[in-house]
Every structure is written in C-alpha cells, then in structure tokens.
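The values are calculated or read from the model by the stated rules, or taken from the named source; none is laboratory data. Computed from a prediction, not measured in an experiment: that's the story for all the values here. Here the Cβ positions follow ideal geometry from the backbone for every residue, glycine too, while neighbour counts run over all protein chains shown. Each accessible area value is taken on the protein alone, full model and side chains, heavy atoms only, with ligands, DNA and RNA left out. Shrake-Rupley method; radii C 1.70, N 1.55, O 1.52, S 1.80 Å.
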Amino acid sequence: MKAIVCENFAPIQELKLRDVESPVAKPGEVVVNVKAAGVNYPDALVVQGLYQVKPPLPFVPGFEFAGVVDSFGDGVDQFPAGTRVLGVHPGYGAYAEQIAVPAMCLMPIPDAVSFTDAANLACAHGTAHHALKQRAQLKAGETLLVLGAAGGTGIAAVQIGKAMGAKVIAACSSEEKLEVAKQNGADVLINYASQDLRKALKEVTAGKGVNVVYDPVGGDAFDQCCRSMARNGRLLVVGFASGRIPQLAVNLALVKEFSVAGVFWGNFIENEPAVYAQNVREMFTWFSEGKIKVVTDAVFALEQAPEALQRLMDRQVAGKLVLEI
C-alpha cells in the first residue's frame, strides 16, 4: 500500500511517499481502508521533531481518519467489514491507504456524515469540545474569547461555544479571517493586528473581563489575556501557533483569581475513553442539528501531504485541511 513516511525528524519537505507492507489485524485490532485523513498542526510538529512526543523512526504520521472496515482480528465483533468508522490513533499511521488500530480507537459514523467531515471533526472539534466542556466547564451566558478564531480548532471553539450558550468574542489577525469567524457564529470581532486586544476586551466586557479564553496561539496574545480575565475566569492553554511559548505571570492569577488549565486532547482520549465517546456522540448530534459544521479549506491527495502541512505551518488556513485517499 501507499503511505507517507517520516524517515528522520527533518523539514516537512523530506517526507516521502513509499510503498509499505499492508497491515494485518492482530487480536483486538481492526484494519481500516482510509478514505480521509485530517491534517493537523501537531502532525506538522511531530515530523520535524518539535512535538512533545517523538515516535520511533520511521513512522507514518497522522492520527485522525475516517474510512471503511476492511478486516478485524480475534476478539472484535462490533465492527463488521464495510462499517463506516471514525478513528483516532495516538500511535499515528493515518497518512496511508490502510491503518490497523485497536477497536477501542474507532466509532461508527452516521450515514449522513461524509468521510471528509468525520475525519475533520475528530481533532479540531474534539479538542474544542473537551476544552470548553471538561476543562473550562463553560456556562451559558458567559463570555468566551477565541484566539486564532479562523483556524480549524478556533472555528470549532466558536461553533461549540455558541452551541453551549456563550457570548463568543473572536480574535484574528486579519479582516478576512474575522469574516470566517463571523460566518461561524462569533458575536464580537477583534482584529488583534490592528487593535489593542486588552483595550478592546475591556470595552466589550464593560471592564469585567473574559470568563473563558481559548488560546491555541500563545505568544503576546496570551500575555494580554492574562490581564483581561474576569474573576473565576479560566484561561485554556491549547497550543502555541505563534511560535512563542509564553511565561505566566502568576501574580496576575493571584490578584485576578483566575485559573490556567492545560488542554491535551490526546491525553484525554487515552485516559477517559468513555467520556470521549460521550463527547463524540454529542458532537454528531450537534452536527445533525446544524449547530456545528466542518469548514474544510482545501482537499489534498495523499502524495500532497507535505504541501498541506507546510500550509498549516505558514498559517495560511481558514478551517481544516484533509487528505482524501
């Protein structure tokens, strides 16, 4: 079968399309014919050796996929051949024509959901959902600030924040990106490239500060958010797309009485699979009701994976990217 292979931690362009051995299901495993694989920022980091987890070399990147069950090993009876499934595999391997994963990594896809939408729903919406529901315990009527609100996980946070009843403030670096956030339900728009973020937040919240901040950006925006929190606020650390990992001035957390919570979705699904399954079911319900949707910016072929990943690193994406296989 064909697969994208990372042979060394190196620039994205050194990824190779290779012929590799097709997987065989071991006991408890399922082999899936991959139809679509989500392209995510951690994928771009891990192949360069910049992620917090470094898998053994060589490896096939990608952890988010949708497809059709091809075969299964002993002990698996819930996924007969032909079942449409969504999968998340912490061990990577999704940038390939087939992948073998433990059965517990799979969930059936409703007939109304396409492979592309399912693959792109898992990570971005899954991260935002876990962050806002379990980590922030967002309540209806609270204010939610979403940084990088036109990125894949930013759009997801805007949509899910609205579904949970929050007033959503979207912050982006351009008017074009703000328009994307507006189309996905944002109530208030802030261009932090041309506006003073802290001043704008003070005006929007009438000086009360923001209840919840969803931050996949880091850098200077994080610093300003620390000074814009409401009492009992929750600042969610999701990622560092700006390139700078900020330092927390803990005196601000003391004086303002806000909390900082880390969000590591991969750790969540590994340690709380039952809760993760409940989250996915709720997301599919919201999807069927039109409360959330997948915004796919561009579709790439498997061999174009390096191009897709570079586009992510260059922050030239509004929504999600996907490989269709």
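Quick notes
- Averaging the Cα positions of each part gives two centres, and for the stretch 124-141 and the stretch 154-168 these lie 9 Å apart.
- Contact order normalised by residue count of the chain, Cα under 8 Å, 6+ apart, percent: 18
- Chymotrypsin sites (Phe, Trp or Tyr not before Pro) restricted to DSSP loop in the stretch 182-281 with at most 14 other C-beta within 10 Å: none
- Surface share of carbon and sulfur [accessible, 1.4 angstrom probe, percent] for the stretch 224-325: 49
- Backbone amide hydrogens, once placed in the peptide plane, bring S259 within less than 5 Å of G233, R234, L235, excluding anything fewer than 5 places away on its chain.
- Accessible-area value, D187, 1.4 Å probe, nucleic acids and ligands omitted, Å²: 80
- Rough spin-label spacing in nm, given labels placed 7 Å along Cα→Cβ, for A298 and D111: 3.5
- Largest to smallest accessible area among S259, S71 [probe 1.4 Å]: S259, S71
- Rough spin-label spacing in nm, given labels placed 7 Å along Cα→Cβ, for Q278 and E21: 4.2
- Loop-resident sites, the stretch 188-288, for GluC sites (Glu not before Pro), counting at most 12 other Cβ within 10 Å (DSSP): E257
- Hydrodynamic radius (Kirkwood) for the stretch 172-227, which is based on Cα pairs only, to one decimal in Å: 11.9
- Annotation: amide H-H contacts under 5 Å for I109 (H modelled 1.01 Å from N, sequence separation of 5 or more, or interchain): R84, V85, L86.
- Given K202/K291; K162/K320; K291/K320; K167/K208; K162/K208, the pairs whose alpha carbons are separated by over 23 Å: K202/K291
- Per residue, the accessible area of the stretch 68-156 comes to 34 Å², computed with a 1.4 Å probe over protein heavy atoms only.
- The stretch 223-301 versus the stretch 170-196: alpha-carbon centroid distance in Å: 18
- Length gained when the stretch E270-S194 is fully extended (0.36 nm per residue, less Cα-Cα span): 23.3 nm
- Using the Cβ-Cβ distance between Q78 and E289 with R0 set to 30 Å, the FRET efficiency works out to roughly 0.70.
- Across the stretch 170-235, Cα pairs under 8 Å and at least six residues apart give a relative contact order of 26 percent.
- Vicinal HN-Hα couplings computed from phi for the stretch 218-223 (Karplus, 6.51 cos²θ - 1.76 cosθ + 1.60; Hz; Gly/Pro x): x, x, 4, 4, 4, 4
- Principal axis dimensions, the stretch 237-325 - Cα atoms, whole angstrom, descending: 51, 33, 26
- Relative contact order of the stretch 241-325, defined on C-alpha pairs under 8 angstrom at six or more residues apart (%): 23
- ³J(HN,Hα), Karplus 6.51/-1.76/1.60, whole Hz, each residue of the stretch 253-265, x for Gly, Pro: 4, 5, 5, 8, 6, 10, 10, 10, 10, x, 10, 10, 4
- With Cα atoms as the point set, the chain shows a radius of gyration and Dmax of 19.7, 61 Å.
- Evaluated at q = 0.15, 0.17 Å⁻¹, a Debye calculation over the C-alpha positions of the stretch 21-161 (equal weights, vacuum) places log10 I(q)/I(0) at -0.80, -0.96.
- Rounded to 5, percent antiparallel among DSSP beta bridges of the chain: 55
- Each residue of the stretch 318-325 is assigned a 3J(HN,Hα), and the resulting list reads 10, x, 10, 10, 9, 9, 9, 10 Hz, derived from the Karplus form 6.51 cos²θ - 1.76 cosθ + 1.60 (θ = phi - 60°), x at Gly and Pro.
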